[in-house]
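Chemist: Following this message is one structure expressed as structure tokens.
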Amino acid sequence: MNQTVPPTRRFSPLLFAVIMIALLVALVCIYLGLNEYLLGDSSTASLYMSTGIVTLAVSTYMMYQTRKRMIRLIGMEMQPLSSTVQCMKCGFKNIREFKRGDFVFKETEEMCPKDNLKMTISAIYREVKDKEKAKENAY
Ligand SMILES: [Zn+2]
């Protein structure tokens, strides 16, 4: 009777599946309840309806809890990445959102507007939306 399973604090796809199934069951119950109600069987209807509403409430609550946890995780790890795309000939730079498969020195499909050459990724960085750097007075 001694369990040594560590508490899992991560978002699990299994939990997500359970919530989705519960939501589906809730919707089906409510639908069946409405159906029974229309057919005139109000006792079966209220049974279906109450089951549906309770299931809906529980799954919504679980989803809300999971969502809060996910937002916390995403907030820490998912700051947007940016890629600097540069023309190797004239040095024209364009900063855009990171795309899957981007890497430094990769030739992109983007063309330099000045001399119609394919541009190359010169930098990838995580955008930190903090305060701007104070202006440096060079002279
Ligand atoms: Zn160019």
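Chemist: Quick check on the range 74-88: of everything there that is open to solvent by 60 Å² or more (accessible area, probe 1.4 Å) and over 26 Å from Phe105 (Cβ atoms), which residue is modelled with the highest pLDDT?
Modeler: Per the criteria, the residue is Ile74.
Chemist: Given (1) outside any loop (DSSP other than H, G, I, E, B); (2) more than 19 Å from Met20 (Cα to Cα), where does Pro113 come up short, assuming only one miss?
Modeler: All conditions are met except number (1).
Chemist: Now, a different point. Which number in (1) modelled with pLDDT under 95; (2) open to solvent by less than 90 Å² (accessible area, probe 1.4 Å); (3) not acidic (Asp, Glu) marks the one condition that Lys106 misses?
Modeler: Unmet for Lys106, out of (1) modelled with pLDDT under 95; (2) open to solvent by less than 90 Å² (accessible area, probe 1.4 Å); (3) not acidic (Asp, Glu): (1).
Chemist: Looking at Gly91, Gly101 in this structure, which one is farther than 19 Å from Glu127 by Cβ, loosely packed, with under 13 Cβ neighbours inside 10 Å and at pLDDT 90 or above?
Modeler: Exactly one residue qualifies, and that residue is Gly91.
The values are calculated or read from the model by the stated rules, or taken from the named source; none is laboratory data. Source: prediction; values computed, not measured. Every residue, glycine as well, gets a Cβ built from its backbone with ideal geometry; the counts of neighbours run over all protein chains shown. Each accessible area value is taken on the protein alone, full model and side chains, heavy atoms only, with ligands, DNA and RNA left out. Shrake-Rupley method; radii C 1.70, N 1.55, O 1.52, S 1.80 Å.
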